[in-house]
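Encoded as structure tokens, the structure appears first; notes follow it.
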Amino acid sequence: MLRVALTGGIGSGKTAVSDYLETLGVMVLDADRYAHQVTAKGEDAVTEIANLLGPTVVDADGHLDRAAVRELVFADPKKRAALESIVHPRVRHEMNEAASRATGPYVIFSIPLLIETGQAGNFDRVVVVETARQLRAERVLERSGLDQQAFSSIDNAQASDTDRRNAATDLLNNDGSLDALHAQIDALHDRLTTLSREQAKTADY
Ligand code: ATP
């Protein structure tokens with residue numbers, strides 16, 4: 001089974017791509033969703049995070065206070081790295097488990113911080129969705145109520161468009177309409193399906 005990573009900058013359209021791929025019957029595994037799952041109430045990662053950052057990051061009900069966690073690691077690279085070493089291996093494990101049960105020609109791993117976390121080499125293909133920064137800002141501001149400054153601070157902390165492009169095996173451009181994006185995804189789906197068949201044939205020999 002072909003393992004395909006999907007990434008892109010904030011507001012680039014990763015969800016729009018995933019949603020459309022799902023309508024084509026492709027299994028999409030979302031790293032953000034697994035990060036929530038492995039840090040849900042009762043998970044041992046929550047205890048490890050509390051040991052790292054202090055008991056105030058867990059509320060009286062045992063839920064992780066995600067905003068408090070973000071604030072505590074924001075300006076502390078060592079703590080951020082320690083937090084990632086708790087969360088990321090668990091996310092990778094869960095995603096690989098889910099992928100091993102996947103059906104269909106290929107499986108998509110949607111990983112916003114693929115490049116930043118050095119994971120591009122773990123995949124057969126890397127699909128990057130690209131959208132001009134100004135458009136990404138407009139779309140995110142319209143959707144979420146983030147202001148321009150908050151958008152910029154997130155965007156500046158992420159990989160550059162050039163870094164993502166250099167890691168890409170397949171590019172989707174989302175500067176236009178959703179219909180235009182869907183047409184590119186249809187072509188990508190055909191390519192990936194063909195590649196997956198070829199990979200399966202090679203594996204038979
Ligand atoms: P994030 O990085 O915040 O998770 P994302 O990369 O998943 O975002 P989306 O949520 O898919 O991006 O898109 C960002 C916003 O832009 C959404 O409100 C979405 O509906 C809108 N959007 C995406 N693509 C288009 C498009 N081609 N035309 C108009 N709006 C779009």
Exercise for review: May I ask you to verify whether residue 78 is out of contact with any Gly (no Cβ under 8 Å at 6 or more places or on another chain) and away from the ligand (no atom under 16 Å from the Cβ)?
Suggested key: yes
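Yes/no matrix, rows are residues, columns are (1) out of contact with any Leu (no Cβ under 9 Å at 6 or more places or on another chain); (2) without any contact (Cβ under 8 Å) to a residue 60 or more places away in the chain; (3) among the acidic types (Asp, Glu); (4) open to solvent by less than 50 Å² (accessible area, probe 1.4 Å):
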{"residue": "2", "(1), (2), (3), (4)": "no, no, no, yes"}
{"residue": "5", "(1), (2), (3), (4)": "no, no, no, yes"}
{"residue": "13", "(1), (2), (3), (4)": "no, no, no, yes"}
{"residue": "23", "(1), (2), (3), (4)": "yes, yes, no, no"}
{"residue": "31", "(1), (2), (3), (4)": "no, no, no, yes"}
{"residue": "38", "(1), (2), (3), (4)": "yes, yes, no, yes"}
{"residue": "41", "(1), (2), (3), (4)": "no, yes, no, no"}
Review point. Hey, any hits in the range 85-93 for a residue that's surrounded by fewer than 18 Cβ atoms within 10 Å (Cβ to Cβ) and either acidic (Asp, Glu) or in contact (Cβ under 8 Å) with a residue 60 or more places away in the chain (or both)?
Key: no
**Study point:** the range 1-21 - residue that is at pLDDT 95 or above and assigned to a loop (DSSP other than H, G, I, E, B) and, of those, farthest from the ligand (Cβ to nearest atom)
**Key:** 9
Practice item. Please find, among 69, 46, the residue that is more than 16 Å from the ligand (Cβ to nearest atom), within 20 Å of the chain's Cα centre (by Cα) and in a helix (DSSP H, G or I). Key: 69
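The values are calculated or read from the model by the stated rules, or taken from the named source; none is laboratory data. Model, not experiment: these values are computed from the prediction. Ideal geometry is used to build each Cβ from the backbone, glycine not excepted, and the neighbour counts take in all protein chains shown. Surface areas here come from the heavy atoms of the whole protein model, side chains and all, with no ligands, DNA or RNA. Shrake-Rupley method; radii C 1.70, N 1.55, O 1.52, S 1.80 Å.
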